[in-house]
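Throughout, read-outs are computed from the coordinates displayed, never taken from laboratory work. Everything quoted here is computed from the prediction, not taken from an experiment. Please note: Cβ atoms are built from the backbone with ideal geometry, for glycine as well, and neighbour counts cover all protein chains shown.
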Amino acid sequence: MATSALLNPFRPGAGHEPPYLAGRQSETNEFMRLIGQDVVLENMVLTGLRGMGKTVLLERLKELAIEAGWGWVGSNFSEAVSVSEERLALRIVDDLALVTSNIVVGKREFTGMGFRAETDQVTETLNSNTMRALWKQIPGLASDKLKAILELVWRYWRDERPGGLIFAYDEAQMLSDHAAKDEYPLSLLLDVFESIQKRNIPFMLVLVGLPTLFPKLVEARTFAERMFRVVFLDRLNDEDSRDAILKPIEDSPHVMRFRDSFVQRIIEESSGYPYFIQFICKEIFDMLLQQFRAAQTDTGDLLLIRHPRTGEELKEGDKGTILAPISEITNKLDIDFYAGRWARATDRQRELLIVIAHLDGCESQFTVQEVVEKSKELEKSSKLLKKAFSPSHVSQMLSTLCKTGLIYKNRHGKYSFAVPLLGRFIRRQVS
Ligand SMILES: Nc1ncnc2c1ncn2[C@@H]1O[C@H](COP(=O)(O)OP(=O)(O)O)[C@@H](O)[C@H]1O
Ligand SMILES: [Mg+2]
């Protein structure tokens with residue numbers, strides 16, 4: 001017997017393909033414009049908070065690019081790749097070989113040895129062995145070797161496909177230069193592609209990562225400012241959120257339907273964050289499947305849902321009423337998504353975060369000054385804070401929190417939460 005869990009269409013989880021990819025049309029259009037460039041003048045940075053849907057959108061872009069005749073090279077960047085210039089360059093070469101390994105570059109002939117009279121032919125392709133051999137032969141620095149290999153690949157690739165090649169890397173915020181070790185992998189990446197693109201070779205970079213990514217690129221090479229078009233993924237608007245909730249159910253064999261008011265409730269609770277939508281819907285669906293396995297098959301009736309505490313909007317006829325425990329689901333989401341990060345903060349850091357969570361605009365951005373002012377206010381007016389923070393203390397603590405990944409500093413020197421709806425979570429904790 002199939003378990004009900006198997007029938008749940010929703011997919012919360014990093015990189016898990018959603019049952020329906022909602023919205024993202026303008027971002028997709030922007031990508032299509034970029035691959036329409038004759039000469040690559042602009043590359044793409046796809047950025048946004050965790051859980052916003054960067055990885056799954058990248059998968060969609062990959063399909064579109066391949067349909068349009070481009071090749072797709074890429075994977076994730078990790079700390080290990082970022083260690084040295086050579087590691088990074090070789091990683092790219094290996095990724096490239098996966099795409100070019102069927103391209104024939106020549107036939108080596110040699111007369112059979114020993115008893116065999118016939119001539120054997122060995123087909124040489126641009127596979128990883130060939131590439132690694134080239135890497136050894138080409139003189140110079142890692143960047144010279146990589147450039148030479150890319151140029152060579154282009155000479156063959158242009159006969160293969162109408163489009164160029166896209167080099168797409170997820171988690172690209174992991175990439176860094178390390179001045180102390182005299183290793184500059186991030187700069188190498190930018191230099192090599194800038195140089196290749198100057199030679200009109202249509203190899204395009206698509207770098208995907210957290211909001212720290214673009215400032216990092218610009219810090220490494222100022223020309224990165226002009227080299228990339230930054231596409232910032234934001235939360236889904238109400239209409240797209242509605243699609244993300246409803247389409248998977250419509251497309252599934254289940255006859256149950258969510259009431260409008262309930263859909264609205266999910267949209268509010270998730271604030272349009274794709275991960276939260278998947279999470280909440282999955283929980284609700286699991287619950288429904290467990291409670292109503294028998295009822296789901298035949299009737300086609302609406303399942304009427306209300307909030308267990310408020311009891312609002314219960315009836316539309318008497319059948320099929322279900323209580324959906326939204327508050328319990330939110331608690332579970334808190335544990336799943338935030339609790340670990342919150343637990344790692346020190347007491348004083350938590351106090352600072354509580355102050356920030358009480359700023360009106362905390363979910364968009366805030367300044368040191370605003371935090372200082374708010375801390376004075378809270379010191380006077382509430383029990384939440386015994387002692388206000390000084391400006392230097394706030395700056396210093398914010399930069400520590402940036403390193404732990406709870407906060408990031410944007411290009412205009414303002415700060416933001418690096419985790420969606422962190423302010424709301426914190427306010428729930430203190431209330
Ligand atoms: N446009 C979307 N519509 C519906 N669900 C989405 C959408 N984008 C992302 N999701 C879901 O949100 C979750 C997080 O997506 P992911 O791509 O891993 O985010 P990121 O890479 O930005 O951290 C996944 O469960 C995914 O299925
Ligand atoms: Mg991701």
### Message
Using only the alpha-carbon atoms, what does the stretch 112-252 span along each of its principal axes? Please give whole angstrom values in decreasing order.
### Response
75, 51, 29
#### Entry: Ellipticity estimate at 222 nm from DSSP helix runs (n ≥ 4, -39,500 (n - 2.57)) divided over the chain, nearest 500
-14500 deg cm²/dmol
### Summary
Rounded to the nearest 10, the angle in degrees between the Cα long axis of helix 347-357 and the longest principal axis of the Cα atoms of the chain comes to 80 degrees
### Task
Calculate, axis by axis, the spread of Cα positions in the stretch 25-232 along the three principal axes, and write the results as whole Å, longest axis first.
66, 43, 31
### Task
Would you be so kind as to identify which of VAL153, GLY361, LEU64 lies farthest towards the positive end of the dipole of the chain, taking Lys and Arg as +1 and Asp and Glu as -1 on Cβ and the Cα centre as origin?
GLY361
### Task
Run the dipole for the chain about the Cα centre, Lys and Arg Cβ at +1, Asp and Glu Cβ at -1, nothing else charged, and hand back the magnitude in debye, nearest 20.
1180 debye
### Query
Hey, what angle do you get for helix 368-381 against the long axis of the chain, alpha-carbon based, 0 to 90 degrees rounded to 10?
20 degrees
### Query
Which of LEU141, LEU146, LEU333, LEU61 comes first, and how do the rest follow, when ranked by fewest Cβ neighbours within 10 Å?
LEU141, LEU333, LEU61, LEU146
### Query
By its C-alpha gyration tensor, with a ≥ b ≥ c as the square roots of the eigenvalues, how is the stretch 128-195 shaped: rounded for a/c under 1.5, else prolate for a/b larger than b/c, else oblate?
oblate
#### Entry: Ranking of LEU353, LEU398 by count of other Cβ atoms within 10 Å, fewest first
LEU398, LEU353
#### Entry: Unit charges on C-beta of K, R, D, E only; dipole of the stretch 25-232, Debye
140 debye
#### Entry: For the stretch 143-179 and the stretch 42-104, distance of Cα centres in Å
9 Å
### Task
Could you check which residue among SER392, SER270, SER101 shows the biggest mean-square fluctuation in a GNM of the chain with a 10 Å Cα cutoff?
SER392
#### Entry: Cα centroid of the stretch 371-418 to Cα centroid of the stretch 204-236, whole Å
26 Å
### Query
Restricting attention to the alpha-carbon atoms of the stretch 345-430, what are Rg (one decimal) and Dmax (integer), both in Å?
11.6, 35
### Message
Which residue fluctuates most in the GNM of the chain (Cα springs below 10 Å): ALA14, ALA180, ALA244?
### Response
ALA180
### Message
I need the shape label for the chain. Rule: rounded when a/c is under 1.5, else prolate if a/b > b/c, else oblate, with a, b, c from the alpha carbon gyration tensor.
### Response
oblate
### Message
Compute the helix-to-body angle for 260-270: its Cα long axis versus the longest principal axis of the chain, expressed 0 to 90° and rounded to tens.
### Response
60 degrees
### Task
Using the charge dipole of the chain (Lys, Arg: +1 at Cβ; Asp, Glu: -1 at Cβ; taken about the Cα centre), state which of VAL371, LEU188, THR212 has its Cα farthest towards the positive end.
VAL371
### Query
What does the charge count near GLY340 come to, summing +1 for each Lys or Arg and -1 for each Asp or Glu among other residues with Cβ under 13 Å from its Cβ?
+1
